[in-house]
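The next block holds one structure in the form of structure tokens; read it before the comments.
The values are calculated or read from the model by the stated rules, or taken from the named source; none is laboratory data. The structure presented is a predicted model; accordingly, all values stated were derived computationally and were not measured. Cβ placement follows ideal geometry from the backbone for every residue including glycine, while neighbour counts extend to all protein chains displayed.
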Amino acid sequence: MCTTYQGYLQAIAETLRERAAQAKMEVEQLRGITGKAPSLAFQRGILLGYYEVLSTMVSQAEAFDIPLETIGLADFQPDKLLS
């Protein structure tokens, strides 16, 4: 893989992982707070969006025989975002 594309994909994966972790943390903080149901639903939607993007990146990399470590996703498990 061209190093420019590899670096780009690694940077994107890192940014998305960080933002997904932040979204998950915000969902966890909003759970159980009375009166925050609309905010919680919104944050869950954001988290689901990150899950969809990152799980698609993982599945497509696997389909194209791209090692996940080359794009910064070797140790990433998208399903943990939703648990």
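Observations, loosely collected:
- Among the residues of the range 28-70, those that are assigned to a helix (DSSP H, G or I) and among the aromatic types (Phe, Trp, Tyr) comprise 42, 50, 51.
- Only residues that are within 20 Å of residue 28 (Cα to Cα), of a type outside the set (S, T, N, Q) and without any contact (Cβ under 8 Å) to a residue 12 or more places away in the chain were counted in the range 38-75, giving 6.
- Subset tally (residues that are surrounded by 18 or more Cβ atoms within 10 Å (Cβ to Cβ), under 19 Å from residue 7 (Cα atoms) and of a type outside the set (Gly, Ala, Ser)) for the range 67-83: 3
- The range 71-83: number of residues that are aliphatic (A, V, I, L, M), over 12 Å from the mean Cα position of the chain (by Cα) and not in a helix (DSSP H, G or I): 1
- Among residues that are among the acidic types (Asp, Glu), assigned to a helix (DSSP H, G or I), surrounded by 11 or more Cβ atoms within 10 Å (Cβ to Cβ) and without any contact (Cβ under 8 Å) to a residue 40 or more places away in the chain, residue 14 is not included.
- Some residue of the range 2-24 being among the acidic types (Asp, Glu) and over 10 Å from the mean Cα position of the chain (by Cα): no
Yes or no, residue by residue, for (1) among the hydroxyl-bearing types (Ser, Thr, Tyr); (2) modelled with pLDDT of 95 or more:
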site: 6; (1), (2): no, no
site: 9; (1), (2): no, no
site: 22; (1), (2): no, yes
site: 28; (1), (2): no, no
site: 32; (1), (2): no, no
site: 35; (1), (2): no, no
site: 39; (1), (2): yes, no
site: 45; (1), (2): no, yes
site: 52; (1), (2): no, yes
